[in-house]
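Let me begin by presenting the structure, written as structure tokens, before commenting on it.
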Amino acid sequence: MTTTTTGHVTVGEVMRPPVTTVERDAHVAAAAWLMKKHHDNALVVVTDGATQEPVTLVCDGDVAQAVADGRDLEQVRLTDLPLLPMVLVAPDTPVADAAEQMLAAGVVYAPVVQDRRLVGLVDLPAVCRGLLAERASGGA
């Protein structure tokens, strides 16, 4: 991991591309299956498979809450879940700015977008690694 000329680590350096996506009208069971298959804790919910424009996120906690509520995962769609507002960041966003935005919104994951198109996903542990790398390199 390197720092930019300003001494900042960017989201693009710590994000994980590509990310698993799911369409917003999918059943919760389908989202859970995709999480298991791809060993992922979060999926970016997109408008459709072609545009890949993020609309929200679904994470394992959302699936667990649906199970705890006794909902039928084969019948409930992602659009039926009370999902948190999404924080979008760009690849050139400094990790400190991403951390502030994510913490203010109370989210663990943030889709990374460029020109309204999904290019990756960043989570708080990755942002923290970027902040530690910045500190170790003497960055701002």
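Here, each number is a calculation from the coordinates, and none is a lab measurement. From a predicted model like this one, the values you see are computed outputs, not experimental measurements. Quick reminder, even Gly has a Cβ in these numbers, built from the backbone with ideal geometry, and neighbours come from all protein chains shown.
May I ask you to derive the relative contact order of region 25-123, considering only C-alpha pairs under 8 Å and at least 6 residues apart, and to give it as an integer percent? Display every interim value, and only then the final one.
Values: 134 pairs, mean separation 25.2, N = 99.
Relative contact order here is 25 percent.
The chain: D in µm²/s via Stokes-Einstein (Kirkwood Rh, Cα pairs, 25 °C, 0.890 mPa s)?
The Stokes-Einstein estimate is 157 µm²/s.
For the chain, set up a GNM with springs between Cα atoms under 10 Å and report which of Pro18, Pro111, Pro54 has the largest fluctuation.
Result: Pro18 has the largest fluctuation of those listed.
Counting each DSSP H run of 4 or more residues in the chain as -39500 (n - 2.57), what helix-only mean residue ellipticity at 222 nm follows after dividing by all residues, to the nearest 500 deg cm²/dmol? Numbers along the way, then the final one.
Details: 5 runs with 48 residues, N = 140.
So the helix-based figure for the chain works out to -10000 deg cm²/dmol.
For region 58-133, divide the Cα radius of gyration by the Kirkwood radius and give the resulting Rg/Rh value with two decimals.
Result: Rg/Rh = 1.06.
Given 4 °C and 1.567 mPa s, how large is the Stokes-Einstein diffusion coefficient of region 28-68 in µm²/s, with Rh as the Kirkwood radius over Cα pairs? Intermediate values should be presented prior to the final figure.
On the way: Rh = 10.6 Å.
Translational D for this selection: 122 µm²/s.
Tell me, what ³J(HN,Hα) does each residue in region 117-122 have, in order and in whole Hz, if you take phi through Karplus 6.51 cos²θ - 1.76 cosθ + 1.60 with θ = phi - 60° and put x for Gly and Pro?
Each residue of region 117-122 in turn: 10, 5, 10, x, 9, 10 Hz.
At Ala136 and Asp25, where each label point lies 7 Å from the Cα along Cα→Cβ, what is the point-to-point distance in nanometres?
Result: 4.7 nm between the two label points.
Please check: in the Gaussian network model of the chain (C-alpha springs, under 10 Å), which one of Leu78, Leu88, Leu34 has the largest mean-square fluctuation.
Leu34
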